[in-house]
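Reviewing the structure listed below.
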Amino acid sequence: MSVGVLLVTHGRIGHELLAAASCIFGGCPASARALAVSADADPDRLVVEARSTARQIDAGDGVLILTDLFGATPYNIAACLCDGGSHRVLSGVNLPMLLRVLNYHQLPLDALVAKATSGGHDGVMACVGPGLGPGQVTATGSCDTESAGAAAVGSQTRHPASKASAAVDGWQADPRGRSATVKSRAGG
């Protein structure tokens, strides 16, 4: 079982997200493609192209279509493919959402939609809190990015209470709390 993943985004956002995820995983663990929507593109032609791409990546378990902005042209193109059965559309794609999707692509489509939504939501963190040392996290999960520097800005430093759930979802925090790595799940 494996759900296909199609990113339909403004410009090359989807391609770049897939490239970043592939770099993190050491390759793309799922059947995934990106469709770039340029300002001068013909939406009707792109709907045809998106349908064709979705058919190519659907191994029989469905396709999850990720878009960057609800209501915009990429979303509207993706919505034309949403059939309530084997194709689902989620907007607001970000790298944490995509990593979660690729890590759990072997889940049934409905369960993958829930994982994607939680991954996108959980991957957004406010990093504020004067007086904290590099990578330190307050009780509310915020960190001091000024003293932590650029390394902490890109890290996945998490609230201690969420480390257990983060590890379950494929995230492994560095024991020093300064960075995180993604462990790919073989076989789901």
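The values are calculated or read from the model by the stated rules, or taken from the named source; none is laboratory data. Everything numeric in this text was worked out from a predicted model, so none of it was measured. Counting neighbours? That spans all protein chains shown, and the Cβs are built from the backbone with ideal geometry, glycine included.
Of the residues making up region 34-84, those that are farther than 22 Å from residue 19 by Cβ, touching a helix residue (DSSP H, G or I) at 6+ places or on another chain (Cβ under 6 Å) and among the small types (Gly, Ala, Ser) number 1.
Could you list, in sequence order, all residues of region 82-94 that are over 23 Å from residue 122 (Cβ atoms) and buried (at least 20 other Cβ atoms within 10 Å of the Cβ)?
Keep residues of region 82-94 that are over 23 Å from residue 122 (Cβ atoms), which gives 82-87.
Hit for region 82-94 is 87, nothing else.
The residues in region 25-53 that are touching a residue at least 40 places away in the same chain (Cβ under 8 Å) and loosely packed, with under 14 Cβ neighbours inside 10 Å can be counted, and the count is 1.
Based on this model, can you work out whether residue 112 counts as over 21 Å from residue 125 (Cβ atoms), in contact with a strand residue (DSSP E or B) (Cβ under 9 Å, 6 or more places away or on another chain) and touching a residue at least 24 places away in the same chain (Cβ under 8 Å)? Against the criterion (over 21 Å from residue 125 (Cβ atoms), in contact with a strand residue (DSSP E or B) (Cβ under 9 Å, 6 or more places away or on another chain) and touching a residue at least 24 places away in the same chain (Cβ under 8 Å)), residue 112 qualifies.
A quick yes/no check of all residues on (1) modelled with pLDDT under 95; (2) in a loop (DSSP other than H, G, I, E, B):
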residue	(1), (2)
97	no, no
107	no, yes
126	yes, yes
130	yes, yes
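Which residues, counting only those in region 23-42, are under 14 Å from the mean Cα position of the chain (by Cα) and small (Gly, Ala, Ser)? Matches in region 23-42: 30, 32, 34. Across region 3-24, the qualifying residues are those that are of a type outside the set (S, T, N, Q) and within 14 Å of residue 75 (Cβ to Cβ), and the one among them that is surrounded by the most Cβ atoms within 10 Å (Cβ to Cβ) is 8. Only a single criterion out of (1) under 10 Å from residue 77 (Cα atoms); (2) over 14 Å from the mean Cα position of the chain (by Cα) is not satisfied by residue 54, namely (1).
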